[in-house]
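Readers should treat all values here as calculations from the given coordinates under stated rules, not as data from a laboratory. Predicted model only: the values in this text are computed from it and were never measured. Cβ placement follows ideal geometry from the backbone for every residue including glycine, while neighbour counts extend to all protein chains displayed.
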Amino acid sequence: MTDASAASPPFTDREQQREAARIGMWVFLTTEVMFFGALFLVYFYDQHIFHDAFASAGGRTDLGLGAGNTAVLLLSSLTMALAVRAAKQGRDRALFGRLLLTMILGSAFLALKGLEYARHIHEGLLPGASFVYEPAALARPAELFFYLYFVMTGLHAVHMLVGLAWLAVLAVRARGADGRVDLGTPAEVAGLYWHFIDVVWIFLFPMFYLVRGH
Amino acid sequence: MEEDRGEVILFRVAGALLALLALTVGLSFADLGRFSFAVALTVAAAKALLVAYYFMELDESVDAVRFMAAAGLVWLGLLLAGTLTDLITRR
């Protein structure tokens, strides 16, 4: 049986270990900022050059679905923050329930996203040989818009899948913890990742759903 | 075990986030001309700050953590500012 209060080598105490894990996760998230940042730069650059085409193409995404999905993701961040709170207090049952709720909301987000993808592909908005767009004069830059849309929301969805797998592992650990294992630090690190994915989406939402012509 | 600083604040932050979402969707129907995208991004930045500060617990993090978070923001700012300044000042 592991001693819940002992630190793992090379750390001398739990708090030191927790702080190191936190900092390590933030360093990783900083590299993620640069990873998504490069794509954001491409978007802003193209949005400036092809302003009218992006406004036109932005009108083709489903604002209702996008806003609903944003609300779902924001709520999943709330349940995640509550899960971390429970983990720090050693309340394993509450942690398990809140993780489950977070995973349900995350899965709902991905399901709605999948529905959107299917619709767009059906409408011929998947960039490539089958891409069709009216007015035809805006087709090339509109294709660029949807290329960025699929790449950026797709990478975001991949991050969501990783996050869901991470939370599932954590939930299994919480289930068998019985108060013997301190899950405060693992939950907090997973929470940082989950909230980061939320932050990325917070910016993707105006870029792909609120950019529209009047 | 940590001192519970209250889950109420987390619910309040979530409420504020949803209110900001409603605001930005509402504003997208108003014709703000060329400022509409900038306004939408400003609301997004406010939401991101709320998530980072309260949900990601920057409010109670040590300086090293805050420094890393700020570093990411500054590097990204340099990347965007440098390139976009070049773009918008070309003739």
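Whole-Hz Karplus values for the range A:90-97 come out as x, 8, 5, 5, 5, 4, 4, x Hz, taken residue by residue from phi with 6.51 cos²θ - 1.76 cosθ + 1.60 and θ = phi - 60°; glycine and proline positions read x.
Tell me, what HN-Hα J-couplings in whole Hz come from the Karplus equation 6.51 cos²θ - 1.76 cosθ + 1.60 at θ = phi - 60° for each residue of the range B:45-61, using x for Gly and Pro? Values per residue, Gly and Pro as x: 5, 4, 4, 4, 5, 4, 4, 5, 6, 9, 6, 8, 6, 5, 5, 10, 8 Hz. The label-point distance for residue A:42 and residue A:165, in a model that sets each label 7 Å from Cα toward Cβ, rounds to 2.3 nm. Extension gain for residue A:123-residue A:136 works out to 3.2 nm (0.36 nm per residue, less the C-alpha to C-alpha distance).
What whole-number distance in Å separates the alpha-carbon centres of the range A:87-107 and the range A:121-191? Going from one Cα centre to the other spans 21 Å. For the range B:1-58 and the range A:1-75, what is the separation of their Cα centres, given in Å? Measuring centre to centre over Cα atoms gives 15 Å.
Placing dummy labels 7 Å off each Cα toward the beta-carbon, the span from residue A:34 to residue B:29 is 4.3 nm.
Here the simple spin-label model places points 7 Å from the Cα toward Cβ, and for residue A:180 and residue A:104 these points are separated by 2.9 nm.
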